[in-house]
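Accompanying notes for the structure given below.
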Amino acid sequence: MNLDRAVLAFAGLVVLVSLTLGHFISPYWFLLTAFAGLNMLQAAFTGFCPAAMAFKLLGVKSGNAFR
């Protein structure tokens, strides 16, 4: 798995978990979904993604979108 796919998988996981927690626990968890969406939007324009930096430190090989 390269860095791009790892970031996308992690973003999808965060969205699904926050939606589940928002439905069953508290609606405040929907703020995590909003944060994930905003982070993906800014990463699309700037190329900066904190999750990509974390995965790179863990040794995930580089992809095309995040270097």
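The values are calculated or read from the model by the stated rules, or taken from the named source; none is laboratory data. Source: prediction; values computed, not measured. Positions of Cβ are backbone-derived with ideal geometry, glycine not excepted, and every protein chain shown enters the neighbour counts.
Mind checking which pairs have a first residue in region 53-65 that is over 18 Å from Gln42 (Cβ atoms) and a second that is surrounded by 13 or more Cβ atoms within 10 Å (Cβ to Cβ) and of a type in the set (Ser, Thr, Tyr), Cβ under 6 Å, 6 or more apart or different chains?
Close Cβ pairs (under 6 Å, with a partner that is surrounded by 13 or more Cβ atoms within 10 Å (Cβ to Cβ) and of a type in the set (Ser, Thr, Tyr)) do not exist here.
Residues checked against (1) modelled with pLDDT under 90; (2) touching a Leu at 6+ places or on another chain (Cβ under 8 Å); (3) among the small types (Gly, Ala, Ser):
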| residue | (1), (2), (3) |
| --- | --- |
| Leu3 | no, no, no |
| Val7 | no, no, no |
| Leu13 | no, no, no |
| Tyr28 | no, no, no |
| Ala34 | no, no, yes |
| Met40 | no, no, no |
| Lys61 | no, yes, no |
